[in-house]
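None of the figures in this text is laboratory data; all of them are computed from the coordinates on show. For clarity, every value in this text was computed on a predicted model and none was experimentally measured. With ideal geometry, Cβ positions are generated from the backbone for all residues, glycine too; neighbour counts draw on all protein chains shown.
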Amino acid sequence: MVEFYRRNPLSLRLVAAILAVSTLFATLAVGVQLYTDYRRDITSLGLRLSDAERTFVPGLVDSLWLMDEQRIRLGLDSIVTLPYVSYATLRTAEGRLYTSGRATNRGHESSHLYVLRHQDDKQQQWVLGELTLLVDKEEIFASLWQKLWVVLASQAAKTMGVTLVILLLLHFSLSRHLAALADVAERLNLNRLTQLVRLDRRRGHHPDELDRLADAMNGMQQRLQREVAELERVHALNRRLSAAVAASPAAMIIMNEQGSAEYVNPALCRLLELPEARCLELDWPTLLENRLSQGMLSSRPAGWLLDKVRQESWQGELLWRTESGRPRWLLAHLSLCRATPDEAGHVLLVMEDITGLKEFEHQLSYQRRYDHLTNLPNRVMAMERLEQMLLQSVQEGGHLAVMVIAVPAYKEVTESLGIAYGDALLQECTQSLNAALGEACFRARTGDDEFLCALRFGQSAEPVEACLQQIKKALSRSVRLDNLPVTPGVAVGVAVYPNDGNQPERLYSRALSAQQRARSQKEPVQFFEPEMQAASYRSLHIATALKHAVEAGELRLFYQPIVDPRTGDYEGVEALVRWQNAELGWVSPLDFIDIAENTGEIVAIGQYILREACRQARQWQLQGRNIRVSVNVSPVQFGEPDFVASVANCLKETGLDADCLKLEITERLLFASSEAAQQKCRQLADMGIRLAMDDFGTGYSSLSYLRDLPFDIVKIDQSFVRHMTRNSRDKALVRGIIDLAHQLGMSVVAEGVEDHVQLELLTRFGCDLMQGYYFSKPVPPEQLFSKEESSSCSG
């Protein structure tokens, strides 16, 4: 019963309430019924007594009037036999007492007094006595109690039956389903949201309260499931955000609206070199305001930063010194974060260490104005400095000399030894210039091998002359690079304000023109002259026209024979490019080759020369003249990543055998540290192409190239051949080169043979092949075999 009550308390309470109410109404009904019966019995008793009074009282009056005791007693006995009358007494007027029956004394008796009167013929009444009757209502009450118990028993049985039926109905139609819903609700947790409520009954067409309750619980579970999933997503996002904030390299502080720190991430502690507790104690708004107020002309009221953040976000840079005293540039961003519009919100302070960025900006600023190799001002700063010096000269009525200094050896060192040695040469030159020139002479590096010096002077030019002497002296000292003595050399161009211009760029341009004249004429110093500007314009015109020379078909190849001195036969020819422009006319290779290399046009020109030479050689082969063609390779062209592939494609397209192509490579092309260049040489040799080292002896490279690289031929530069008949040292050098090449199994070609004396001397030294004006100048292909028949392709 206890378990049933525990599981069905509502049903029992409902049953108890029904039972109480039904009992109350049954009690009221029984009370009304009993009271009605009581009143009916009392009324019936009264009627009987009235009948008895009409029946027995006259007889007793007559008996008393006649004084007939027997009749008196008989009358009393008759009265006692009446229902409910238990005792009767008659007291006569004389005081005599007659009784009949007996008193029960059960508490339900009542007495009724009747005055006995006799009326004579004269209508005169005589009081004869008093009759007292004791009426016993015990039977009435006994009957009522009997009815009460019968009614109570029947009502109790009926109520219990109805209650039991109601209890069963409540249990099967309501309580057990409510208990099932309660069990589901008790077991409901975040892990069991998918278990829907199903009542153990058939669902009607019209859902009742239980159906709606079950549907509501199922809907609640589904909503909870969605909300829990959303909460889990939000919690996961919060965890990721918390982890991201904790792992973020940016320093973060979360403050309440009053500015008190509530959270700091580890990056802030690392940045400021402070423990977390100390960071939380700091008054961040005041600290930021103090640091931002430093250097301001006007003070701001306390709390201005938070007031500003409440209106809009704020961002600024500030300098912070850490606990160890190290300065840190910080980019601070303050913003007010609110989850809802009505929320007070929190202040988020994000600080990023931009010290490295500041240093990088400073470095960029330095690099924008200074040369990283020499630490001298660069061209940008040089022009700014020239502007200042020119303004001072104008104001003071003085002069300004702008000197552009070139280091001729730089190009040869770079091409032969490599860029690192070229840089080392420039650094040596910088040290020499710094040591030789005083503070009054401004110095800058304005190009690869180009320095600029500027000197203000008065009416006397002696300071300029002294400065030029110091420059020549400083750059005439040899330095050692890769254990080789190298003299930097010097070519200085000078332009003077106000004679040569009154603007920095014009003075620099004219000094540069003078420097180019000094370089071309191999003079140490050259002052600007007006005609130099025309030469500069011509160089610019050449550079512009070269861009379209190949497409316009302005380039032609001339061929100079390479002769075997023993037989006079042509062993091969060297392809030499010539350029004829409609405006410039015939342009010497000495005028445009360097420009082409500087502008990069040499790659397209070199590719044209290679393809045209191979095509012409193949055409000669088809005509029965097997001839080997030599092609000069520019260092710029050779440096192209696809150079080897382009040579292979050229041979394939023209159909020329690789053995009939000879590539002439200068010493300067092979950088001492360029493994890639050496690898290209080996790849070309593996293809069957013959390699010749051109201009041997003019560079700074070691003889290890002859030993390690697959060269077939060594070409002696014409400068040695030209002077060997007059200079014993050149003659010995030529003979040594020939002997060395033969010992290494290589052939020797002498360039620039111009007379019979040179021919005989080279023949005596054992030179294998020769070329020069003595045999033939470079001629168009149609004139090459006018005097000499072709010879077969020989090794």
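The table below gives the values:
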item: Value in Å of the Kirkwood radius, where the chain supplies the Cα pairs that are averaged; result: 41.5
item: Highest to lowest packing among 320-331, 547-558, scored as the average C-beta count within 10 Å; result: 547-558, 320-331
item: Ranked list, fewest to most other Cβ atoms within 10 Å of each Cβ, for Glu653, Glu412; result: Glu653, Glu412
item: Cα gyration tensor category, rounded, prolate or oblate, for segment 617-656 with a/c compared to 1.5; result: oblate
item: 21 Å Cα-Cα reach of Lys158 towards lysines, excluding residues that sit fewer than 8 places from it in its own chain; result: Lys147
item: Theoretical ellipticity at 222 nm over the chain - DSSP helices of four or more residues, -39500 (n - 2.57) apiece, nearest 500; result: -16500 deg cm²/dmol
item: Additional length obtainable on full extension of the chain from Glu760 to Arg707, 0.36 nm per residue less Cα span; result: 16.2 nm
item: Acute angle (nearest 10 degrees) that the helix 530-546 long axis makes with the longest principal axis of the chain, alpha-carbon atoms; result: 60
item: Tilt relative to the chain, helix 602-622 - C-alpha long axis, 0 to 90 degrees, to 10; result: 60
item: Protection-proxy order for peptides 139-150, 707-718, each taking the mean of Cβ atoms within 10 Å per residue, highest first; result: 707-718, 139-150
item: Inter-site label distance for Glu384 and Ala29 at 7 Å from Cα along Cβ, in nm; result: 11.5
item: Debye intensity ratio I(q)/I(0), log10, segment 2-160, q values 0.11, 0.19 Å⁻¹ (C-alpha model); result: -0.60, -1.11
item: Glu273/Val165 FRET efficiency (R0 60 Å; Cβ-Cβ; nearest 0.05); result: 0.10
item: Cross-link partners of Lys358 among aspartates and glutamates (Cα-Cα below 15 Å; sequence separation of 8 or more within a chain); result: Glu317
item: Ala243-Asp215 FRET efficiency (beta carbon distance; Förster radius 41 Å; 0.05 resolution); result: 0.50
item: Over 22 Å between alpha carbons, listed pairs Lys522/Lys715; Lys473/Lys522; Lys731/Lys777; Lys680/Lys731; Lys715/Lys777; Lys652/Lys680; result: Lys522/Lys715; Lys731/Lys777; Lys680/Lys731
item: Mean Cβ count within 10 Å, highest first, over the residues of peptides 507-513, 253-259, 726-732; result: 507-513, 253-259, 726-732
item: Estimated FRET transfer efficiency (Leu148, Asp121; beta-carbon r; R0 56 Å; 0.05); result: 0.55
item: 0 to 90° range, to nearest 10: angle between helix 209-247 axis and the chain longest Cα axis; result: 30
